[in-house]
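To keep things clear, I will list the structure first and then write my remarks on it.
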Amino acid sequence: MIGRTCCVIFGLLSCLFSAAETLVIAGDSWCPINCEADAEQRGIFVELAEQIFAESGIEVEYRTVNWARALRDARSGKIDAVLGAGIHDAPDFLFGDAASGVSRNCFYARPGTTWRYTGVDALPAITLGAINGYSYGEELDSYIRTFQRDLRRVQLAAGERALTINAEKVSLGRIDATLENTWVMAAFLKRAGKRPALEQVGCRRPDVPIYLAFSPALPSSERYLAIYQQGLHRFRQDGRYERLLQRYGVSSLD
């Protein structure tokens, strides 16, 4: 009798665990916004999603893949959401009213360069490095689309090493400047040490809101979005959001 009771209890527990709800999110490594899946600190937006959905009993599975694949998988419904997307990255996705953060995109060149970013009109004087599939705001996106086949104007890097590739190309003089989020570049340069040495030479304004963006193909996306937006509001109100940023050595961009 005892053995049979244990089997029944074990079976019920197995059913409960197997029925646990799991949300799958993905993005390319864009640390500290989202870092490698096996890293000790998995990223600001990853932890934010994990903590918010845990309050509703939902587990989060986080994957790192290249950005184009992350968008493709979410668009087809293979995963639930992508991390760090701007609205222009995937205008068909579900974004919500409140952004998870903002991306301040700045230009980085070799130390001593005289070129400065003063607006899109300054770009024809240089060869710009950017990441394929990223959105940098409407004006810069339009410039990149227009000249993406002209390697004298724009060179796009892709894959999980895209930032490293662009930074090395600047360092070697193969391109004049690259465009990157300030949090991400600061973390990259800290990991890289003194090489490559890059200097900030101007920033795009205004800043670009970035989101946990949900798949347009899944009926569950509206519910997940509502849970996330409500949680994000709570975290901002009670100070947990700012404390999370501080643990990664960054602060809100004002």
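Bear in mind these aren't lab numbers, they're just calculated from the coordinates by the rules spelled out. Predicted model only: the values in this text are computed from it and were never measured. Every residue, glycine among them, receives a Cβ derived from its backbone with ideal geometry; neighbour counts consider all protein chains shown.
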Please determine, in degrees from 0 to 90 and to the nearest 10, the orientation of helix 44-54 with respect to the longest principal axis defined by the Cα atoms of the chain, where the helix direction is its Cα long axis.
20
Once you compute Rg and the Kirkwood Rh from C-alpha atoms, what is the Rg to Rh ratio for the chain?
1.06
Nitroxide proxy distance, nm - points 7 Å out along Cα→Cβ at E160 and R223:
3.2
Semi-axes of the range 105-203 from the Cα gyration tensor (sqrt of 5 times each eigenvalue, largest first, whole Å) come to 19, 15, 13
With angles folded into 0 to 90 degrees, how steeply does helix 221-238 sit against the dominant principal axis of the chain? Use alpha carbons for both and round to 10.
80
By how many nm would the segment from E59 to Q246 grow when fully extended, if each residue of separation counts as 0.36 nm and the alpha-carbon distance is taken off?
64.9 nm
Of T127, T113, T178, the one that fluctuates the most in a GNM where the chain has Cα springs shorter than 10 Å
T113
Beta bridges per DSSP with both ends in the chain, % antiparallel, nearest 5:
55
Per residue and in cubic angstrom, what volume does the convex hull of the Cα atoms of the range 33-117 have?
148
Can you sort K190, K78 from fewest to most other Cβ atoms within 10 Å of each residue's own Cβ?
K190, K78
What's the magnitude of the charge dipole for the range 105-203 around its Cα centre, counting Lys and Arg as +1 and Asp and Glu as -1 at the beta-carbon? Answer in Debye, nearest 20.
460
